[in-house]
Amino acid sequence: MTMTYPIYFYRAAHSAMIKQLISFHTLPLSNLKALSNSRFEDKYLDLMSSNYEMSVTEPFIDSIASLNSVLKDAEKEASRTFDTDSTLFICSGSTVSNQIAVAASCSSESRIIIQKGLHQSFHFTINSTKVKKKTYIDDIEIDETTGKTSLNVKAMLDEIICAEENGNGYDVAIINSQTYEGIQQKLDEILPLLLKHGPSLKKIIIDEAWGAWSNFSTSLSRHCAIDAAKNLRNKYEVDFVVTHSAHKSLFACRQASYLHCIGGEKAIEKLKQMRYRLHTTSPNYRHLTSLDLAQCHARIEGRMFSDRAEANARLLKKLVKEKLTFFSVISSPKADSIAQQNYATSDETKVWLNISELNITGRRLREVLYKEHNIYISRYTESCVLFNIHFGITQENVITLIRALQNVEEKNKWCIGQLREDTISEYFVVPYPPGVPIVVPGERISKVRLQKIKKCIASGVSMKLL
C-alpha cells in the first residue's frame, strides 16, 4: 500500500521542476544550458548541484550582520562592476531592498513625491512610514492593448515646481526605471529635469527591478539609473539609491537583489544600518553566492549576453512573421510617439504577440503552452501575450517556442482571421456552450455578429467552425 503524505506544495513544485520549463518570464538561472560555453558554466553547475545549504559563520565566512572579510570584498567587487559608490547584497527579496531604501532615505520630516507605478512594497512601506508630506503621481498609459505605462513626467515636474514656489519643496523622489511590459524611462533626460526644477530634492530612489541586465546593454545602458545618477551626483549633491532584482534578469537565485548607492558616506552608512535592522541574520548562502557570481558574470560577459538577448528577440519577431499565420508582433508607432513625449523608449527584449485572430484567449494560450509544451509565460491580456527574452533564453528556446505556436495554430485551425466583416459565411459558427450558431452558411457576417464572436472567445467559450 502506497502511503500518501500531505505535502501539497512539494508535489506542485516537483511537478513543475521535472517539466524542465522554458521560462519566457524571468529567472535566467532556471536554464543552465544558456551558460554553455560561458566561462562561468562550471561554477554555476557547482552552485546548483552542490549543497550550499550550510551554516558556517565567522571567522570563516562573514555575514550581513558583521562584514569584515569575504562578503565585504564581494560587495566591493559588485560596486566595481556596476560602478557605484556602494553595492549591498540582499537575499530576502526585493521587497526588503525597497523597505531598506525607504527607511534609509526618509524621516518624519520628509516630503516625498512618488510615482504610482512602483512595486507594491514601496507603497506599503511609505504608507506605514510617518512623513511630513507624500504626493502620488499617476502613470500615463502608452498602449491600451498591452497595458504599457510610463512616468507622467509633465505631471511630476508641475507638482515639483508648484511645491517649490509655495516654499515646501519635496526632498525625496521615488520613481521607476523600467517596466516588465517593455518601457524604459530615459533617466538621463528625466533626472536632470527633476533636479533643475526641484532644488529641494536631496534623495532619489529608483526602482530598476527589471533593469539590472540593461546596464550592460549597448542600446539601453545610457538611460539606466546608475549612469544617469553618476553624472548628477556631484553637481547637485543628491544621494541616489537604486534597487535591482538580480534574479529577474541576471544569473542569480530567486530573492537575490542588489541595493546600490551613488552618494555620500552618510547615505551609504544609513543603508548598511537599515540592512542590519531589516535583513534576515540567517542569509541563504546559495543566494549570496549567486549574487557574487552574477556580478562577475555581468562584468565579463554581460555585454555579450545582452547582445544575445536582443538578437534572440529579433529572431523571434522574424520567425513569427515568416512561420506563423495568425500570431503577429505588436508594434505601435502611436505608442512610440507618446513614449517619446514622456521621455521613454522601448525595451525590445519584451516581445508582445497579438492573438486576436486566433480562437483562443491569452489565459488559455498560457495554459496550453505550460501543460502541453513546457513553456511558461506570465503576462497576458485577452488578445495578446508577452515573451521576455532574457539572458536565459537561447536560440534553441526561441525555435522551440515557434514550433509550439505552430502547434497551437494547427489545433485552432479556424481563426477569427478567416471571418471577415460583410462577407458571406461558408460555415456554421457555433459557441459551445450553449451550442447555438451565431452565424450559419450563406449568411452575411455583420459587424455586430463578428463582435459577438470575439466577445465569446474573450470570455473563454469554445468556438467551432463547422
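Numbers for the structure displayed
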read-out: Residues within segment 112-165 that are part of a strand (DSSP E or B) and in contact with a helix residue (DSSP H, G or I) (Cβ under 9 Å, 6 or more places away or on another chain), tallied; value: 15
read-out: Segment 309-329 residues that are among the hydrophobic types (A, V, I, L, M, F, W, C), paired with ones that are surrounded by fewer than 14 Cβ atoms within 10 Å (Cβ to Cβ) (beta carbon under 8 Å, 6 or more apart); value: Leu315/Gln395; Phe326/Gly417; Val329/Lys321
read-out: Scope segment 372-386; condition of a type in the set (D, E, K, R) and within 14 Å of the chain's Cα centre (by Cα); matching residues; value: Arg379
read-out: Count of segment 17-32 residues which are in a helix (DSSP H, G or I), of a type in the set (A, V, I, L, M) and crowded, with 19+ Cβ neighbours inside 10 Å; value: 1
read-out: Segments classed as helices (runs of 4 or more DSSP H), wholly inside segment 214-286, with at least 2 members that are closer than 14 Å to Phe82 by Cβ; value: 225-236, 246-249
read-out: Scope segment 432-451; condition modelled with pLDDT under 80 and not in a loop (DSSP other than H, G, I, E, B); matching residues; value: Tyr432, Leu450, Gln451
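The values are calculated or read from the model by the stated rules, or taken from the named source; none is laboratory data. None of the values given here were measured: they were computed from a predicted structure. When we count neighbours, we look across all protein chains shown, and the Cβ atoms used for this are built from the backbone with ideal geometry, even at glycine.
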